[in-house]
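Presented below is the structure to which this report refers.
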Amino acid sequence: MTSVVSASPPPPTGVHLDRTDENVAEIAALAALVGGPVGLEALLGDLNRTARPSRGFFGRAVDRAWTWDRADRWTRAWWPQGIATSADAGGPHARRRVVAVTWYAKEVDGESPGSRVTFLDLDTLRYRHVLLVVPALVDGRLALTPLRVHAGGVAWCGPYLHIAATARGFITCRVDDLLRIPDERGVPRDLARLAVDGEAVASYGYRYVLPVRFRYRAHADDGVTRLRYSFLSLDRRHPAALVAGEYGRGEQTTRLARFPLDLDTALLETGEDDRARPVELGEGVRGMQGATVVDGRWYVTVSHGPVVPGTVYVGRPGRLRPRRLALPMGPEDIAAEPGSDRLWTLTEHPGRRWVLALRRSRLG
């Protein structure tokens with residue numbers, strides 16, 4: 001794989017990431033089975049659920065709110081976590097007003113369908129869930145497993161979705177790899193498994209799947225606590241960076257980090273040893289659910305549970321100040337819309353699940 005080499009090494013922090021090889025052959029085998037990748041435009045022409053605007057007071061920073069259909073609003077099987085927009089992606093994807101939301105599934109009897117990403121078209125309010133899958137070739141035969149990560153944050157950069165995977169680092173999917181399971185290949189009524197049976201694919205009933213292309217694995221030097229990648233976002237100031245941070249309670253660390261990012265490749269910059277290291281590693285606050293940076297100013301979401309309104313902390317690592325009652329209860333990830341006053345976040349609790357557009361200027 002091509003590495004993006006940093007011009008000057010970042011300061012030593014003791015934490016780093018390394019990138020795995022791409023699942024080129026595995027994705028090609030899956031694509032060949034189902035008729036080839038269809039990409040985002042085809043998906044957006046085949047959305048099957050409808051969101052709706054929500055009205056009321058959602059917090060001092062909230063400008064607009066939308067919610068899911070009744071099944072997704074109330075399900076306890078799936079929990080929404082990460083958010084990014086096609087404005088972050090740049091290039092051809094930026095022409096559409098699309099929100100991408102990641103969800104993780106609760107385990108039932110030790111089993112879980114893993115994680116999914118939802119693409120919501122803001123112009124039509126139509127959306128569809130896409131299952132995240134890990135393809136593998138075992139003795140030359142194609143196999144599929146669910147991507148079982150918390151998916152607490154997502155950054156949409158160029159062709160890639162970078163999805164937080166906590167202690168494991170983060171995983172990366174390429175939006176152009178979106179696959180549709182055709183009728184002659186799918187097993188639509190088989191909701192209980194993910195598998196390849198000969199020339200048929202069972203995918204928990206999902207029509208579309210998105211395979212994992214590669215991973216950024218988390219590491220730390222001896223004596224340094226490995227960074228947990230609880231959430232992700234983009235910082236587009238020059239030089240650009242991928243923002244990551246840790247949800248933590250009690251004695252857990254609550255660090256915030258910025259990794260140099262090459263916007264031309266949408267990949268992290270690396271040193272001569274092919275490792276990516278943060279250029280900034282600072283202190284956050286307890287209970288962080290998401291963080292984003294605009295012009296050097298950090299915006300950090302904190303949830304206080306399903307009843308108490310959420311808080312946005314504003315400032316810089318180590319000097320973050322709360323803006324209370326800024327959000328409804330249960331806020332999660334946060335993303336900044338480039339070139340505008342808008343921030344995006346979402347909430348997770350059943351019956352109180354919204355996608356929210358915020359005004360950054362209301363946070364001071």
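The values are calculated or read from the model by the stated rules, or taken from the named source; none is laboratory data. Quick caveat: nothing in here was measured; it's all calculated off a predicted structure. Cβ atoms come from the backbone with ideal geometry, glycine included; neighbour counts cover every protein chain shown.
For this structure, a couple of remarks:
- Residue 222 charged (D, E, K, R), surrounded by fewer than 24 Cβ atoms within 10 Å (Cβ to Cβ) and in a loop (DSSP other than H, G, I, E, B): yes
- Under the condition of being touching a residue at least 60 places away in the same chain (Cβ under 8 Å) and either of a type outside the set (A, V, I, L, M, F, W, C) or under 19 Å from residue 15 (Cβ atoms) (or both), the residues counted in the stretch 187-213 number 8.
- Condition met for residue 253 (assigned to a loop (DSSP other than H, G, I, E, B), within 25 Å of residue 345 (Cβ to Cβ) and in contact (Cβ under 8 Å) with a residue 12 or more places away in the chain): yes
- Per the listing 287, 245, 271, the residue uniquely at pLDDT 95 or above and either hydrophobic (A, V, I, L, M, F, W, C) or at negative phi (or both) is 245.
- Unique residue being free of Cβ contacts under 8 Å to residues at least 12 places away in the same chain, surrounded by fewer than 24 Cβ atoms within 10 Å (Cβ to Cβ) and under 24 Å from residue 236 (Cα atoms) when the list is 323, 319: 319
- Test for residue 213: is it within 17 Å of residue 17 (Cβ to Cβ) and not in a strand (DSSP E or B): no
- Filtered by the rule that a residue be under 18 Å from residue 20 (Cα atoms), part of a strand (DSSP E or B) and either at pLDDT below 95 or not charged (D, E, K, R) (or both), the stretch 166-188 gives 166, 169, 170, 171, 172, 173.
- Members of the stretch 150-165 found to be crowded, with 24+ Cβ neighbours inside 10 Å and not in a strand (DSSP E or B), listed by number: 151, 152, 153, 165
- Taken as a whole, the stretch 48-55 holds no residue that is in contact with a Ser or Thr (Cβ under 7 Å, 6 or more places away or on another chain), under 24 Å from residue 172 (Cβ atoms) and polar (S, T, N, Q).
- Scanning the stretch 249-266 for residues that are closer than 16 Å to residue 227 by Cα and among the polar types (S, T, N, Q) gives 252, 253, 254.
- Residue match in the stretch 117-134 (condition: surrounded by fewer than 23 Cβ atoms within 10 Å (Cβ to Cβ), polar (S, T, N, Q), touching a residue at least 12 places away in the same chain (Cβ under 8 Å) and within 25 Å of residue 265 (Cα to Cα)): yes
- Residues located in the stretch 20-70, provided they are of a type in the set (D, E, K, R) and part of a helix (DSSP H, G or I): 26, 41, 70
- Qualifying residue in the stretch 326-347 (condition: out of contact with any helix residue (DSSP H, G or I) (no Cβ under 9 Å at 6 or more places or on another chain), without any contact (Cβ under 8 Å) to a residue 60 or more places away in the chain, exposed (fewer than 14 other Cβ atoms within 10 Å of the Cβ) and in a strand (DSSP E or B)): no
- Applying the set (1) exposed (fewer than 11 other Cβ atoms within 10 Å of the Cβ); (2) of a type in the set (A, V, I, L, M); (3) closer than 30 Å to residue 355 by Cα to residue 51 leaves exactly one unmet item: (1).
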